[in-house]
Amino acid sequence: MKKYILYFVIGYAIFTWYQDYNTFDDSTGSSHDKLIMYSLTTCGFCKQKAQELRSENIPFTEYFIDKDSSRNRELTEKLNKAGFKPKSYGTPIFDAYGTMLPNNPDISKIRDEKAKT
């Protein structure tokens, strides 16, 4: 009987952790009409995504978080506010009209967020 109670407690703990880990609100809490791209100066994916945005005629503002520590702190605050757990995220990271999109999102996700505005 004790073994089943132990299995139940462990299972419930894992379920609770999983729900907490996978539930987040990707909104920064303040929608706006800008697309902000947080990049690294050495990031090839960032350069590629910037070119892709230009070719799609999607206006954006780019901040280099390795050169501007205040923008790095701003990004961290936005990710935390949106519910993303503190860890390393791949660049570029976007604040797409008030929704955080880390890890070099596909251009279709950015277009979807643009369409919502």
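Restricting attention to segment 60-81, the residues that are loosely packed, with under 11 Cβ neighbours inside 10 Å and within 15 Å of Leu35 (Cβ to Cβ) total 1.
Filtering segment 83-97 to residues that are more than 22 Å from Arg54 (Cβ to Cβ) and either at pLDDT 90 or above or of a type in the set (Gly, Ala, Ser) (or both) leaves Gly83, Phe84, Ser88, Tyr89. Applying a threshold of 9 Å to beta carbon distances and a minimum spacing of six or more residues, or different chains, the list of pairs starting in segment 56-78 at a residue that is of a type in the set (Ser, Thr, Tyr) and ending at one that is part of a strand (DSSP E or B) and surrounded by 11 or more Cβ atoms within 10 Å (Cβ to Cβ) reads Thr61/Leu35; Thr61/Ile36; Thr61/Met37; Tyr63/Ile36; Tyr63/Met37; Tyr63/Tyr38; Tyr63/Ser39. Which ones in segment 39-55 are in contact (Cβ under 8 Å) with a residue 12 or more places away in the chain and exposed (fewer than 12 other Cβ atoms within 10 Å of the Cβ)? Thr41, Thr42 - these are the residues of segment 39-55 that are in contact (Cβ under 8 Å) with a residue 12 or more places away in the chain and exposed (fewer than 12 other Cβ atoms within 10 Å of the Cβ). Of all residues in segment 37-81, those being outside any loop (DSSP other than H, G, I, E, B) and in contact with a helix residue (DSSP H, G or I) (Cβ under 9 Å, 6 or more places away or on another chain) number 9.
For segment 82-95, a residue qualifies if it is within 14 Å of Ser39 (Cα to Cα) and in contact with a strand residue (DSSP E or B) (Cβ under 8 Å, 6 or more places away or on another chain), and the qualifying residues are Thr91, Pro92, Ile93, Phe94, Asp95. Condition first: more than 14 Å from the chain's Cα centre (by Cα) and closer than 10 Å to Leu40 by Cβ. Now tell me which residues in segment 62-97 satisfy that. Within segment 62-97, Phe64, Ile65, Asp66, Lys67 qualify.
The values are calculated or read from the model by the stated rules, or taken from the named source; none is laboratory data. These figures come from a predicted structure and were not determined experimentally. Here the Cβ is made from the backbone with ideal geometry for all residues, glycine too, and neighbour counts use every protein chain on show.
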